[in-house]
Amino acid sequence: MRATIIGVGSAVPDKVVTNNDLAKTVDTNDEWIRTRTGIQERRVSDNTTATSDLAILAAEKALKKSGLAIERLDLIIVGTTSPDCLFPSVACILQKKLGASKAAAFDVSAACSGFNYALTVASQFIENGFYKNVLVVGADTLTKYLDWHDRGTCILFGDGAGAVVLTASPNGSGILANWLKAEGHMGDKLIMPGGGSRDPEEKNGRFITMDGKEVFKFAVRVLEESIREVLKKAKLEISDINLLIPHQANVRIINHVTKKMGLPKEKVYVNLHKYGNTSAASIPLALDEALADGKIKNGDIIVLSGFGAGLTCGANVIKWEDNNA
Ligand code: COA
């Protein structure tokens, strides 16, 4: 049995914040942001919108496309590092809102690699026969944790959610291989130090801080490593890839790695110019748009590769099955 995707959905907040909007409040400009990151605009949620509010929209779309009756859902996993509250988990909030009374539910904390981690966990449950139908969501609202005066971070992130419904398939397609890694010794390079049990009074503030250069170097290294390692596990070559969906952090990271690996531009999906870095949402949001754009067809080999705080990274190889929505 393999885990195959039978429904995909995504959601972003309505509010668009352009580079020029940011330039009004912080010392930056459109030209700098475009050339250093590829980002043109991002979506920002308002104060009344929590991560679960975007996650539920993405989940409902994915479930509708899958045609799966909600009572048949066995498990909900949400990759997020910006939950509505420390507990209950976003997954439990979704379980209640969806009325998925039979489903177990938990969150996975792996920042921008959260979707790769959650998808890997979900596929294990399906492959070993423990569960049959699993909802996997990547959702984050990191703009709530930005210092809007720090031009090194506030230009990068946006909010969003993406979801897939997985089911057990005997057809030989679906998730062929997963690969995960963590480099905890570099955890301080991208960190939200405030508000946790180490700092309950939020003396360190509640803002993301980042060593951009170090994270950039890490990203370039592990994007390549994750693609090579996961392909090895699937016994496939770079030339077998029909579409790479990398974490949408910075177009320079993506271009540098894919050029080095000999992957042509038409085999690499990029939508970060519209959304910035939406953390755990970025890969399922891009997958949903790639499908809508007609970039994925039956039998295609799709590689998803993510990297982020932790530091973490992970990748998944999917052989696409055409009952997929
Ligand atoms: N607008 C204008 N100038 C800016 C700026 C901004 N938003 N941010 C930084 N600068 C300035 C710096 O102050 C510096 O000026 P100086 O030379 O006078 O000191 C100059 O631009 C170069 O800064 P630097 O930090 O070297 O830029 P960079 O090329 O490394 O780009 C990032 C910065 C953040 C875009 C880049 O490091 C990056 O993308 N890192 C990875 C981040 C990431 O993807 N994080 C999430 C991973 S999941």
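Here the calculated FRET efficiency for Lys181 and Asp150, from their Cβ-Cβ distance with R0 = 35 Å, stands at 0.80, rounded to the nearest 0.05.
Test of understanding: what is the full-extension gain from Lys235 to Ser197, defined as 0.36 nm times their sequence separation minus their Cα-Cα distance? Working shown, then result.
On the way: separation 38, 0.36 × 38 = 13.68 nm, distance 4.32 nm.
Contour length minus Cα-Cα distance gives 9.4 nm.
Calculate I(q)/I(0) for the chain by the Debye formula, one identical point scatterer on each C-alpha and no solvent, and give its log10 at q = 0.07, 0.08, 0.12 Å⁻¹ to two decimals. Calculated log10 I(q)/I(0) at the listed q: -0.24, -0.32, -0.75.
Within a Cβ distance under 10 Å of Ala100, other residues only, what is the Lys/Arg minus Asp/Glu net charge?
On the way: positive: Arg72, Lys96, Lys97, Lys102; negative: Glu71, Asp74.
Result for the local shell: +2.
Computed over protein heavy atoms with a 1.4 Å probe, the carbon and sulfur contribution to the accessible area of the chain reaches 51%. The residues of the chain have, on average, 42 Å² of accessible surface per residue, using a 1.4 Å probe with all protein chains present. Summarising the label geometry, the points placed 7 Å from Cα in the beta-carbon direction at Glu127 and Ala69 lie 3.0 nm from one another.
Within the listed set Ile245, Ile283, Ile191, the residue fluctuating most in the Gaussian network model of the chain (springs between alpha-carbon atoms under 10 angstrom) is Ile191.
Our summary of shape: the Cα atoms of region 2-172 have principal axis extents of 54, 34, 25 Å, ordered from largest down, in whole angstrom. Label-to-label distance for Ser101 and Asn298 is 3.8 nm, based on points extended 7 Å past Cα in the beta-carbon direction. A simple spin-label model places the labels of Arg206 and Lys267 4.5 nm from each other, with each point 7 Å out along Cα-to-Cβ. Our estimate of slack between Leu86 and Thr49, defined as 0.36 nm per intervening residue step minus the Cα-Cα distance, is 11.7 nm.
Rounded to a whole number of µm²/s, how large is the Stokes-Einstein D of region 175-319 at 10 °C and 1.306 mPa s, given Rh as the Kirkwood radius over C-alpha pairs? Write out the running numbers ahead of the final one.
Numbers: Rh = 16.0 Å.
In µm²/s, the coefficient is 99.
Within the chain, the longest run free of GluC sites (Glu not before Pro) that sit in a DSSP loop with at most 16 other Cβ atoms within 10 Å is 1-182.
The values are calculated or read from the model by the stated rules, or taken from the named source; none is laboratory data. What you see is a predicted model, and the numbers here were worked out from it, not measured in a lab. Using ideal geometry, Cβ is built from the backbone for each residue, glycine included, and neighbour counts are taken over all protein chains shown. Accessible surface is based on the protein model in full, side chains and every heavy atom, while ligands, DNA and RNA are left aside. Shrake-Rupley method; radii C 1.70, N 1.55, O 1.52, S 1.80 Å.
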